[in-house]
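Below is one structure, written out as structure tokens; the observations come after it.
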Amino acid sequence: MTILLTGGTGFIGSHTASVLVEAGHNVVLLDNFSNSSPDVADRLARITGERVVLVKGDVRDTPLVRDCLEQYACTSVIHFAGLKAVGESASRPLDYYASNVQGTISLVQAMNMTAVRSLVFSSSATVYGVSQYLPYDEKHPTAAINPYGRTKLHVEEMLKDLCDSDPSWRIACLRYFNPVGAHPSGLIGEDPQGIPNNLMPFIAKVASGVLPEVNVFGTDYETPDGTGIRDYIHVMDLAEGHLAAVAYLERNAGWQAINLGTGRGYSVLEVLRAFERTCMRTLPWVAASRRPGDVPTSYANASKAAELLGWRAHRDLDDMCASTWRWQCNVAGKAT
Ligand code: WQD
């Protein structure tokens, strides 16, 4: 199959590309490089031994997307392109709606023009909002509490309406929990510009001496050690989940929302200690006030992905830290 990956040189996109190519698929990466680098394509070629097609462009350029789908005879799409910082979305909501909602409308219009109607959408557990019960399963009420989460929820619901209107569509909305880690080669990984918002890349920069200490946002939550609990999932497990979703859509039409998580939560301090074991140095941290919008605990009921996709995460927290550290020491921050 030939699969178009929008946002394909980004963190999740590039790892998914490596897994798809190694599974024998052809991939076309479409990216505007607003939060990634074109040289990811070269590093992917070093990993897989295959050249990938790289197209510079924005998913909101509907004619460009249509031409890509036709020129490369794409059979399905995985849609990663979008803005994804929760805090930033509160200060730039219009940019988030333009990028995430308008971008998806443009994409599915181009897909409709070319009769490509198999779509995996990069969604997020953020759509669940504050938990009414845990672990989150796909039946949990959705109630996003920030503009970023609302854009993901609007897109999910728009895609469901599309499937209800035309049974030829095949759509899987994958609700990611907390993607972390890097490819075992150390050649691709999470490379946020500036000061990382997310915990794991922030810890990695403290471990490498780039940042002085970790600020632990809240030590008074109702959790065993008082710090926030999240379901961290290795990006390679996540990538394999996308491969399984593409295969599922070859056999099944309709709309599905599917959690991609491990079903296990770790606290901030547990992650910090795991990283200390990896880098073999003590990591300085300070207790800081809670971050607005954070929930105390979030972790997945991952049984639907196992039943529907035949997929489960299998890499553990030490794998996540070790691969992050290898990436941080090799390339992160130095990538052109
Ligand atoms: C994890 C835990 C923080 C940084 C976000 C998005 C989600 C997804 C993943 C896009 C929390 C604590 C963090 C720090 C800290 N992104 N923390 N000090 O907020 O769970 O999820 O990223 O899809 O949609 O919401 O991830 O890594 O920011 O935070 O103490 O410097 O680490 O309070 O408990 P989060 P995170």
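Anything in the range 14-38 that is within 15 Å of Val246 (Cα to Cα) and among the charged types (D, E, K, R)? List them, or say none.
Selection gives Glu22 alone.
Please work out if Pro192 is within 24 Å of Leu83 (Cβ to Cβ), modelled with pLDDT under 95 and not charged (D, E, K, R).
yes
How many residues are within 10 Å of the ligand (Cβ to nearest atom) and either surrounded by 22 or more Cβ atoms within 10 Å (Cβ to Cβ) or not polar (S, T, N, Q) (or both) if we restrict to the range 146-161?
3
Could you check Phe11 against (1) surrounded by 24 or more Cβ atoms within 10 Å (Cβ to Cβ); (2) under 18 Å from Ala244 (Cβ atoms); (3) hydrophobic (A, V, I, L, M, F, W, C) and say which number it fails?
Just one mismatch for Phe11, condition (2).
Determine the pairs where a residue that is under 21 Å from Phe80 (Cα atoms) and touching a residue at least 40 places away in the same chain (Cβ under 8 Å), located within the range 133-151, has a partner that is charged (D, E, K, R) and within 14 Å of the ligand (Cβ to nearest atom) with Cβ atoms under 8 Å apart, the partner being 6 or more residues away or on another chain.
Final answer for the pair search is Glu138/Arg175; Tyr148/Lys84; Tyr148/Glu88.
Could you tell me which residue of the range 127-141 is nearest to the chain's Cα centre (by Cα), considering only residues that are on the phi < 0 side of the Ramachandran plot and either modelled with pLDDT under 95 or among the aromatic types (Phe, Trp, Tyr) (or both)?
Tyr128
Could you go through the range 104-119 and let me know if any residue there is within 15 Å of the ligand (Cβ to nearest atom) and of a type in the set (A, V, I, L, M, F, W, C).
So far as the range 104-119 goes, no, none of its residues is within 15 Å of the ligand (Cβ to nearest atom) and of a type in the set (A, V, I, L, M, F, W, C).
Looking for whichever is touching a residue at least 60 places away in the same chain (Cβ under 8 Å), more than 22 Å from the chain's Cα centre (by Cα) and more than 20 Å from Gly149 (Cα to Cα) here; the options are Arg51, Arg46. Which one fits?
Arg46
If you check Trp325 against the conditions, is it touching a residue at least 40 places away in the same chain (Cβ under 8 Å) and in contact with a Cys (Cβ under 7 Å, 6 or more places away or on another chain)?
So Trp325 fits the description; yes.
Name the residues in the range 45-61 that are surrounded by fewer than 16 Cβ atoms within 10 Å (Cβ to Cβ), out of contact with any Leu (no Cβ under 7 Å at 6 or more places or on another chain) and over 14 Å from Ile3 (Cβ atoms), would you?
Within the range 45-61, Ala45, Gly49, Arg51, Lys56 meet the criteria.
For the range 97-134, enumerate the residues that are over 23 Å from Arg66 (Cα atoms) and either buried (at least 20 other Cβ atoms within 10 Å of the Cβ) or touching a helix residue (DSSP H, G or I) at 6+ places or on another chain (Cβ under 8 Å) (or both).
Within the range 97-134, Ser124, Ala125, Thr126, Val127, Tyr128, Gly129 meet the criteria.
Scan (1) outside any strand (DSSP E or B); (2) modelled with pLDDT of 95 or more for the single condition Ser34 breaks and write down its number.
All conditions pass for Ser34, except number (2).
Looking only at the range 151-185, count every residue that is more than 15 Å from the chain's Cα centre (by Cα) and not in a helix (DSSP H, G or I) and tell me the total.
Result for the range 151-185: 8.
Out of the residues in the range 77-103 that are within 16 Å of the ligand (Cβ to nearest atom) and hydrophobic (A, V, I, L, M, F, W, C), state the one that is nearest to Met158 (Cα to Cα).
Val101
Got a sec? Which of Ala73, Ala90, Ala41 is touching a residue at least 24 places away in the same chain (Cβ under 8 Å), at positive phi and either hydrophobic (A, V, I, L, M, F, W, C) or in a loop (DSSP other than H, G, I, E, B) (or both)?
Only one candidate passes the filter, namely Ala73.
Only one of (1) in contact with a helix residue (DSSP H, G or I) (Cβ under 7 Å, 6 or more places away or on another chain); (2) part of a helix (DSSP H, G or I); (3) of a type in the set (A, V, I, L, M); (4) within 10 Å of the ligand (Cβ to nearest atom) is not met by Met236, so which one is it?
Checking Met236 against (1) in contact with a helix residue (DSSP H, G or I) (Cβ under 7 Å, 6 or more places away or on another chain); (2) part of a helix (DSSP H, G or I); (3) of a type in the set (A, V, I, L, M); (4) within 10 Å of the ligand (Cβ to nearest atom), the one that fails is (4).
Could you list all residues from the range 102-124 that are more than 23 Å from Ala17 (Cβ to Cβ) and touching a Lys or Arg at 6+ places or on another chain (Cβ under 9 Å)?
Gln102, Ile105, Gln109, Met113
If you check every pair at least six apart or on different chains, which have Cβ atoms under 8 Å apart with a residue in the range 273-297 that is within 13 Å of the ligand (Cβ to nearest atom) first and a residue that is part of a helix (DSSP H, G or I) and aromatic (Phe, Trp, Tyr) second?
Listed by first residue and then by second, the contacts come to Phe275/Trp325; Leu283/Phe275.
The values are calculated or read from the model by the stated rules, or taken from the named source; none is laboratory data. Not measured: the values here are computed from a predicted model. Every residue, glycine among them, receives a Cβ derived from its backbone with ideal geometry; neighbour counts consider all protein chains shown.
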